[in-house]
1. Percent of Cα-Cα pairs per 10 Å bin, from 0 to the last occupied bin, for segment 116-227, please list those.
2. In Å², what does the accessible area per residue of the chain work out to with a 1.4 Å probe?
3. Tell me, what is the FRET efficiency for residue 415 and residue 242 to the nearest 0.05, using R0 = 35 angstrom and their Cβ-Cβ distance as r?
4. On average, how much area does the Cα convex hull of segment 187-229 cover when viewed from any direction, in nm²?
5. Ranked from highest to lowest mean number of other Cβ atoms within 10 Å per residue, what is the order of the peptides 267-276, 254-263?
6. Shape of segment 177-256 from its Cα gyration tensor (a ≥ b ≥ c, root eigenvalues): rounded if a/c is under 1.5, otherwise prolate when a/b > b/c, or oblate?
7. On the accessible surface of the chain, probed at 1.4 Å, how many percent belong to carbon and sulfur atoms?
8. Determine the distance separating the Cα centre of segment 120-189 from the Cα centre of segment 199-224; give it in Å without decimals.
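The values are calculated or read from the model by the stated rules, or taken from the named source; none is laboratory data. Here the structure is a predicted model, which is why all the values come from computation and not from measurement. No Cβ is skipped: glycine too gets one built from the backbone with ideal geometry, and neighbour counts run over all protein chains shown. Only protein heavy atoms, including side chains, enter the accessible area calculation; ligands, DNA and RNA are left aside. Shrake-Rupley method; radii C 1.70, N 1.55, O 1.52, S 1.80 Å.
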Amino acid sequence: MRRTTLVTAVAAGIAGALTLTACGGGGGTSSADSGEVTFWDTSGPNESPVFAKIAQDCAAKGGYKVKTETVAFDQALNNYKTAAQGGQGPDVFRAEVAWVPQLAKLGYVMDLTGTDLAKDSSDFLETPLGSTKYEGKTYGVPQVTDSLALFYNKKKLADAGVEPPKTWDEVKAAAAKLGGEKTIFINNDAYYALPFIYGAGGDLVDADAKKIVVNSAENVKALETAKGLLDAKAASTALDPANSYNNMQAAFSGGEVAMVINGPWSVADYLKGTAFTDKTNLGIAPVPGETAGKGSAPVGGHDYVIRQGTKAKDSSQKLIACMSSTESQVQVAKELGLLPTRKSAYDNADVKSNPIVSAFQPVATAAHARPWIPEGGQLFDPLKIAYADVLAGKKAPKAALDEVAKAYKDQVVTEYSIG
């Protein structure tokens, strides 16, 4: 997911810690290794039992102990940084892709460049693998990848004689048949602005040139497109940003709207809704774009990292190697419908037959890489405010994005130039 700000909405309700301990036989660790790994899992309640089970199985096979603690996503990064600063915290951490370069710059995660984990990376998809790098070194191993796609209610579209739209103009045109504002729900979170931005040829920053491009002409047009859907009564949104994601989930799951844009993590929730008691009614297609075939969505996902200073260095590497293996990724794809980061996992027959994974595979393969810079996760908060203001009609796209550019320059990437 996500996907930084969106996963917060999914995982904010997770509280406390689920602790599971798996004990293997002795003799699997070196004298310099404690043989006990604490793993912080930041996944949601639909996913965490599966990851905990895989961790247990890996420990049993590898001859070490693992304690899995499920922590709330929206608290995990700050909690990790606070703990790591004092030489404490988990040995292995499930980090959102945007966190890895930040933690690497701070020195809070182990450089894996010379380890077995980084020796053969050819089986990993290129874009997720990019999220594990910082200044030419490897600091993580890809766990799962994701992106955003167009989810649609097959029956609603079929009854209206509408094909899944390939462009935003087609979304607008379909509104007359799909109930106007009930056509699509637009989540006003920053991550969900990216399909409009990337689909228009825009971006937030140009990391190579060290330029802030969030207020480009392409991005202004992108936000005008999103607001234009609302103005044309072809879409709805939530005026309260804090409840936007939950409102979107409820509206689509209950059959109130025909389409939404979301990621594979949302499928489990949708299939609990009254609109999808027949799970084959859930359709998935690439996000629309300015022109057909030009839609583009951000890459998201999570990586495994090891805390710098861990006393379980060997066991932590063994755990990550096992949990990121093709076998483990196949299990995750089969049981959760999450997207593997290994190419070989997609060759598995069960993975190929999974309708969610097969629908998302081309979406994830074509996903737009985010800037893998330490400040990458900080780019969302200013954009989130601006995007919500634009959709609510409080600010014009150009003025709102100019404010974002200034915030980036003043607070986030201070060494970058604007434009």
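1. For segment 116-227, the pair-distance distribution reads 11, 30, 28, 20, 10, 1.
2. 39 Å²
3. 0.60
4. Convex hull of Cα atoms, orientation-averaged projection: 3.0 nm².
5. Ranking, from highest mean packing down: 254-263, 267-276.
6. Verdict is prolate for segment 177-256.
7. The nonpolar share, carbon plus sulfur, comes to 50 percent.
8. Between the Cα centre of segment 120-189 and that of segment 199-224, the gap is 19 Å.
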